[in-house]
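The next block holds one structure in the form of structure tokens; read it before the comments.
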Amino acid sequence: MASYQIAVLGDRDSVLGFQALGLTVFPVDTVEQARTALHRMAKEDYAVVYLTEQLAAQMEGDINRYKDDLTPAIILIPGKEGSLGLGMSNIKKAVERAVGADIL
């Protein structure tokens, strides 16, 4: 049975603190680096990928590719610049899809 891992993907300042918690961090400088890292994690044993909203805003197609897959679960987190509201928006969409109505 595979041992799943948790990763944090984003700019260096936003992700390095997560390393102290034992998570695998992937600091990137460009969206292309983020895309490559995300697709590599999806092929490996990463069950959860925390992704900064700033990168997610530029990677919608890449994220949508995995939204119906069991792994990795891609969770959006605020980056060092603060929240863009994308994480909450995605939660509302997922709940609406599951329930059939916006209950939030």
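On the basis of being modelled with pLDDT under 90 and touching a Lys or Arg at 6+ places or on another chain (Cβ under 7 Å), does D45 make the cut?
no
How many residues are out of contact with any Ser or Thr (no Cβ under 9 Å at 6 or more places or on another chain), closer than 14 Å to K80 by Cα, aliphatic (A, V, I, L, M) and in contact (Cβ under 8 Å) with a residue 24 or more places away in the chain when one looks only at segment 9-54?
1
Regarding V15, is this residue surrounded by 16 or more Cβ atoms within 10 Å (Cβ to Cβ) and either part of a helix (DSSP H, G or I) or touching a Gly at 6+ places or on another chain (Cβ under 8 Å) (or both)?
Yes, satisfied.
Take the residues in segment 29-57 that are of a type in the set (G, A, S) and in a helix (DSSP H, G or I), then tell me which one is most open to solvent (accessible area, probe 1.4 Å).
A42
List the number of the failed condition for L104; all other conditions in (1) part of a loop (DSSP other than H, G, I, E, B); (2) loosely packed, with under 12 Cβ neighbours inside 10 Å; (3) at pLDDT 90 or above hold.
(3)
The values are calculated or read from the model by the stated rules, or taken from the named source; none is laboratory data. No experiment lies behind these values; they were computed from the predicted model shown. Neighbour counts run over all protein chains shown; Cβ positions are idealised from the backbone, glycine included. Heads up: the accessible areas ignore ligands, DNA and RNA and are worked out on the full protein's heavy atoms, side chains in. Shrake-Rupley method; radii C 1.70, N 1.55, O 1.52, S 1.80 Å.
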